[in-house]
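The values are calculated or read from the model by the stated rules, or taken from the named source; none is laboratory data. It should be emphasised that the depicted structure is a prediction, and the values quoted were computed from it without experimental measurement. Cβ placement follows ideal geometry from the backbone for every residue including glycine, while neighbour counts extend to all protein chains displayed.
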Amino acid sequence: MKRARHQTLSRRERQIMDVLYRLSRATASEIHQALPDPPSYSAVRAKLRVLEEKGHIRHEEQALRYVYLPVVSRDKAKQSALGHLLETFFDNSAEQAITALLNLKQAALSRENLDRLSLLIEKAKKEGI
């Protein structure tokens, strides 16, 4: 069975992708500086080559430097990761995932957040989603 793209990323590759999503585009040097506990610069360049080979990023040449960009939009990546999370930990149950989120103490939702969620749920009911 073919593995989904997000499952093929190492911890460091995910960190690099996080930086690229946050910055939208960046050079190897900018990525290196933004990484927590960064490895060597050459290790970052090697990871960028691997991410490019895997199809997660691409590069453009600008002023004799490579500028790296994610291939997949952040929204599509979120959807893919969320689908994987639901499948892996919640038996594909959005209800179980939402219940887990609501039970997180550090995710204490404000009254406004809860009202917005209630509106989204009502809209979904009306639209039959």
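Restricting attention to region 76-93 and to residues that are modelled with pLDDT of 90 or more and within 26 Å of residue 21 (Cβ to Cβ), the residue that is nearest to the chain's Cα centre (by Cα) turns out to be 86.
Take region 75-91 and flag every residue that is assigned to a helix (DSSP H, G or I) and surrounded by fewer than 14 Cβ atoms within 10 Å (Cβ to Cβ). Residues satisfying the conditions are 75, 76, 78, 79, 82, 83, 85, 87, 88, 89.
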